[in-house]
Structure formats: structure tokens, C-alpha cells
Amino acid sequence: ALLPSYQHDTSLWVKAVDRIVEDETTSAQPFCLIHGDTHLGNSYYLPGSNKLLWLDWQLVSRGRPPREVNYFLNCALDIPTRRANEHDLIKHYLGRLKAKGVEAPSFDAFWKSYCLWPIWGLVAWGVTGDGWQPVPTIHETMRPFSTAIDDYDTFKVK
């Protein structure tokens, strides 16, 4: 009930996951450490600090930045705020990577990969057991990913 009816078509999901695998295995973008679950419930501040830190590292892996950035922005921002700011936030992120000496991809290359990844967030939250998060939280968190799939035309990204 949380998904538009066209998103119930499993063939779309299979093709989208295949595109993610292809992108992840052929991309020239750098690998990095992926937390894998960067929602704000897995973050904290040390007393007296304004630096955001992460906990709950059981999904840590090696991956490419668009996955983590997509997951974080879709978890951290409400839909209108994401829509209004994500291009600028991604450009800022890419600029910070370059400033730190990382060979960052172009915005267009990053964006193309980024648009594939709401699939991960929707699936990750869809399989979250009720004991881990309250059901309303799971449903509230799935909705931005489903909306992002529409916003990015994820099922059409090649």
C-alpha cells in the first residue's frame, strides 16, 4: 500500500537491481567505506561537540559514494527539502571530496549512479523487522525512497 501500483511490477525491480550491479562493477568512481545504514537514528553527537558521529556499523562495506549519499539524503530530509536542495548538497559534497584530494566524479556521472540507489533504501527498510524499528517509522522512511524512485525515474535509468 506504500508503493504506487506500477512499483508492484517485480520485473522493474529485477532490472533496476541489475543496473545497480552493473553500475557498481563498472563505475570509475572511487570506492570508499560505506556505513550502509546512515539514517539519523544511527547518529549522535558527543557532549559539547557539533560533529555528527555514526554508530550501528553491522552493514559496513566497500562501495561507491552515490549509494551512501542517496540513502542519507532520503533518510535525513523530508521530500520537499530533498527536492529543493539535493543538487546543491551533492555539488557541495563533490567539492569537499576534491578539496580533500579525492578524484571526485563529475556531477553528471555521480547523479546517474545516485538515481539508481533509492532501490537500496526502499528494500532495506522494507525488510527491517518490526523489532528493530516501530512500524510507523519504517513506513515513514520507505515513502521518501518510493517517491525518489519516481523523481529520478529510477526504473528508466540506463
- Ordering HIS87, HIS8 from largest to smallest accessible area (1.4 angstrom probe), what's the sequence? HIS8, HIS87
- GNM flexibility winner over the chain from ARG96, ARG67, ARG19 (Cα, springs under 10 Å): ARG96
- Of the listed values (i) 15.7, 50; (ii) 15.3, 46; (iii) 14.8, 42, grab the one calculated as Rg and Dmax of the Cα atoms in Å from the structure here. (i)
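Given charges of +1 on the Cβ of Lys and Arg and -1 on the Cβ of Asp and Glu, with all other atoms neutral, how large is the dipole of segment 1-77 about its Cα centre, in debye to the nearest 20?
On the way: 6 positive and 8 negative charges, 42 e Å.
Around 200 debye, computed over segment 1-77.
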- Note on the structure: Site LYS98, offset 7 angstrom along Cα→Cβ, radius 20 Å on amide nitrogen, limited to segment 41-65, gives 65
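Given Cβ point charges of +1 (Lys, Arg) and -1 (Asp, Glu) and nothing else, what value in debye, to the nearest 20, does the dipole of segment 53-158 about its Cα centre take?
Working: 13 positive and 12 negative charges, 96 e Å.
About 460 debye.
Among GLU22, GLU68, GLU103, GLU86, what's the order by accessible area (1.4 angstrom probe), most exposed first? Please list the in-between numbers first.
Working: GLU22 115, GLU68 30, GLU103 170, GLU86 10 Å².
Correct descending sequence by accessible area is GLU103, GLU22, GLU68, GLU86.
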- Task: Label segment 55-125 by shape, choosing from rounded, prolate and oblate, from the square roots a ≥ b ≥ c of the eigenvalues of the Cα gyration tensor; if a/c is under 1.5 it is rounded, and otherwise prolate applies when a/b is larger than b/c, oblate when it is not.
- Result: oblate
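Within the chain, what is the number of lysine pairs with alpha carbons under 15 Å apart, leaving out pairs fewer than eight places apart on the same chain? Don't skip to the end; give the middle numbers.
Numbers: LYS15/LYS156; LYS15/LYS158; LYS91/LYS100; LYS91/LYS112; LYS112/LYS156; LYS112/LYS158.
Lysine pairs satisfying the spacing and distance rule in the chain number 6.
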- Query: Expressed as a whole number of Å, what is the distance separating the alpha-carbon centroids of segment 11-40 and segment 88-119?
  - Reply: 14
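Gain in length, PHE107 to THR26, computed as 0.36 nm per residue apart minus the alpha-carbon separation, to one decimal in nm?
On the way: separation 81, 0.36 × 81 = 29.16 nm, distance 1.74 nm.
Length gained between PHE107 and THR26: 27.4 nm.
Quick one: ranking ASP37, ASP56 by accessible area, 1.4 Å probe, largest first, what do you get?
Working: ASP37 25, ASP56 50 Å².
Sorted by accessible area, descending: ASP56, ASP37.
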- Item | Residue with peak Gaussian network fluctuation, the chain [Cα springs, cutoff 10 Å], from VAL60, VAL17, VAL69 | VAL60
- Note on the structure: Within the chain, excluding any chymotrypsin sites (Phe, Trp or Tyr not before Pro) found in a DSSP loop (not H, G, I, E or B) and having at most 12 other Cβ atoms within 10 Å, the longest uninterrupted segment runs 58-131
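With every protein chain present, what is the per residue accessible area of the chain (1.4 Å probe, Å²)? Before the final figure, lay out the partial values.
Details: 9050 Å² over 158 residues.
I get 57 Å² per residue for this part.
The values are calculated or read from the model by the stated rules, or taken from the named source; none is laboratory data. Predicted model, so just to flag it, every value in this text is computed and none were measured. All Cβ positions, even for glycine, are placed from backbone atoms using ideal geometry, and neighbour counts span all protein chains on display. Accessible surface areas use protein heavy atoms only, side chains included; no ligands, DNA or RNA. Shrake-Rupley method; radii C 1.70, N 1.55, O 1.52, S 1.80 Å.
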